[in-house]
Amino acid sequence: MIPKVVPSSTSIDIQPTGPIHGSIRPPGSKSITNRALICAALAAGPSHLIGALDSDDTRVMIEALGKLGFSIDHDTASSTITVQGCSGRIPESSADLNVAASGTTMRFLTAMLTLGQGRYRLDGVPRMRERPIADLVDALQQLGAKIDYEAINGCPPVVIHADGLQGGAVRIRGNISSQFLSGLLMAAPHAHTAVELNVDGELVSQPYVKMTTDVMSSFGIRVDFDDQIAKFHIGAASTFNGHDYQIEPDASAASYFFAAAAITRGCVTVEGLTRDSIQGDVRFVDVLQEMGCRIKGSENHGGITVQGKPLQGINIDMNAISDTVQTLAAVALFAEGPTTITGVPHIRHKETDRLAALATELRKFGAQVDEFSDGLKITPPPKPRAAEIETYDDHRMAMSMALVGLQIPGVKILDPDCTSKTYPHFFDDLKKLAANS
């Protein structure tokens, strides 16, 4: 599939730098923030989400919850969101919600709104109307929900005719999006009877589901699951408890700064993260270590340091940390020998077809790229060349491909503002860090 190019009148030129040395603390995790918002809205009593991310995706979730009648105060100055929970109720009985490009908001609210009483419609940007949601809808229907599509392609818009969620046993495929299972898990405690979720096939991005169960546990809900992460049990008629919840820095965002150290052979510390983070993407440092970097952790103060070293290409299954595939692709251009990435067919269903987009843009740098159904083989050129990079309205394309410009002059990133989806100040932070070179 050829990814769609989004016309843009803006661009940013990335300036090459020497080895980068410094420390940075990325903003709060988008994935944790949006999960915590759902749990807090369903909880009994108030919650304070500390260190919360302020980005397009989180603002969309906050705005949607506000339209649904939840009382939310977002103090951006202190990065704190205060939510008055409604004990599993949806205050409004009708809402027409536009979730823009936020996949977590679409999937999590589709499940959550089945708990209400009334009619709710969910829609988004044109790309959202191409992103599959049929497996989630089918699973919710197995639990007694009534949901209609406005189109016939198994994608949004969807209309939810809510009358509570009955509960029971449900089967769902695991190979499209872990967000489906996460949405089901967070809605399940408020079903009328206990819920048993069974995953058919391999579950993609397993760490994101573990993240969901960890956040739920912090808000007082226990989820039992087996060693294969294939069967889950949630007790009947439970309620989340209001909670003061600290949100970690975003590990996916941290990957760009770790990669900057690798590409420039510098030394960068990301503050506030440890190797035992609930975010699976912290394991990106293990990938860099396999390529030759040196990794150090500070458990007492929180922080992970990457020291860049000569890089070797690797063969790696990125299924568990697929949001860092694009970051690795940038690093691969500076390695000795090819890098082969497998296990990520599901990233074709993200903001863009990320495998096709990467293949197209990496070739502009002079790389040889072989594209598979589930990955890429990237053979770096003797020296990457200047290029003008399309970003396809995908924040991760913009942030990852910008890293190439830290070493290669003449790299221009089109539509850099697309990073506002998860990291509005990314280029400012990258510039500040690169100043320490």
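Each value in this text was obtained by applying a stated rule to the coordinates, not by laboratory testing. Everything numeric here is computed off the predicted structure, so don't read it as measured data. No Cβ is skipped: glycine too gets one built from the backbone with ideal geometry, and neighbour counts run over all protein chains shown.
Side notes on the structure shown:
- Computed [θ] at 222 nm, deg cm²/dmol, the chain (DSSP H ≥ 4; -39,500 (n - 2.57); rounded to nearest 500): -8500 deg cm²/dmol
- Extension reserve of the HIS161-ARG129 stretch, reckoned as 0.36 nm per residue once the Cα distance is removed: 9.6 nm
- Using the Karplus relation 6.51 cos²θ - 1.76 cosθ + 1.60 with θ = phi - 60°, the per-residue 3J(HN,Hα) values for segment 204-221 come to 6, 6, 3, x, 5, 6, 4, 4, 4, 5, 5, 5, 4, 5, 5, 9, x, 10 Hz, with x marking Gly and Pro.
- Note on the chain: Kirkwood hydrodynamic radius from all Cα pairs is 21.9 Å, rounded to one decimal.
- Cross-linked pairs LYS296/LYS350; LYS309/LYS421; LYS30/LYS432; LYS383/LYS421; LYS377/LYS432; LYS309/LYS431: Cα-Cα separations exceed 27 Å for LYS296/LYS350; LYS309/LYS421; LYS383/LYS421; LYS377/LYS432.
- Using the Cβ-Cβ distance between THR193 and GLN15 with R0 set to 45 Å, the FRET efficiency works out to roughly 0.15.
- Amide H partners (placed H, <5 Å) of LEU165, local residues excluded: HIS192
- Think of each Lys and Arg Cβ as +1 and each Asp and Glu Cβ as -1; about the Cα centre, that makes the dipole of the chain roughly 540 debye.
- Springs join every pair of Cα atoms under 10 Å in this Gaussian network model of the chain, and among VAL83, VAL369, VAL404 the largest mean-square fluctuation is at VAL369.
- Under 5 Å between amide hydrogens, built in the peptide plane, is the criterion, and for ASP393 it picks out VAL6 among residues at least 5 positions away or on other chains.
- Per-residue 3J(HN,Hα) values for segment 10-20, derived from phi via the Karplus relation 6.51 cos²θ - 1.76 cosθ + 1.60 with θ = phi - 60°, read 10, 7, 9, 8, 8, 9, x, 9, x, x, 8 Hz in sequence order (x marks Gly and Pro).
- Subtracting the Cα-Cα distance of ASN315 and LYS296 from 0.36 nm times their residue separation leaves 4.5 nm of extension gain.
- The residue list GLY366, SER182, GLN279 was ranked by how far each Cα lies along the charge dipole of the chain toward its positive end, using unit charges on Cβ atoms, and GLY366 comes out on top.
- Looking at the chain, the DSSP beta bridges with both ends there are about 65 percent antiparallel.
- The trypsin sites (Lys or Arg not before Pro) of segment 256-339 that DSSP puts in a loop, and whose beta carbon has at most 15 other beta carbons within 10 Å, are ARG275.
- Here r is the Cβ-Cβ distance between THR76 and LYS146 and R0 is 35 Å; the resulting FRET efficiency, rounded to 0.05, is 0.40.
- Projecting the Cα atoms of THR58, SER71, GLY28 onto the charge dipole of the chain (Cβ charges, centred on the Cα centre) puts GLY28 farthest toward the positive pole.
- Residues whose placed amide H lies under 5 Å from that of VAL411, excluding near-sequence neighbours: ILE14, ALA387
- Whichever aspartates and glutamates have a C-alpha closer than 16 Å to that of LYS67, once near sequence neighbours (fewer than 8 apart) are set aside: ASP57, GLU92, ASP96, ASP123
- Computed lengthening from THR274 to GLU371, 0.36 nm per intervening residue step minus Cα-Cα distance: 31.5 nm
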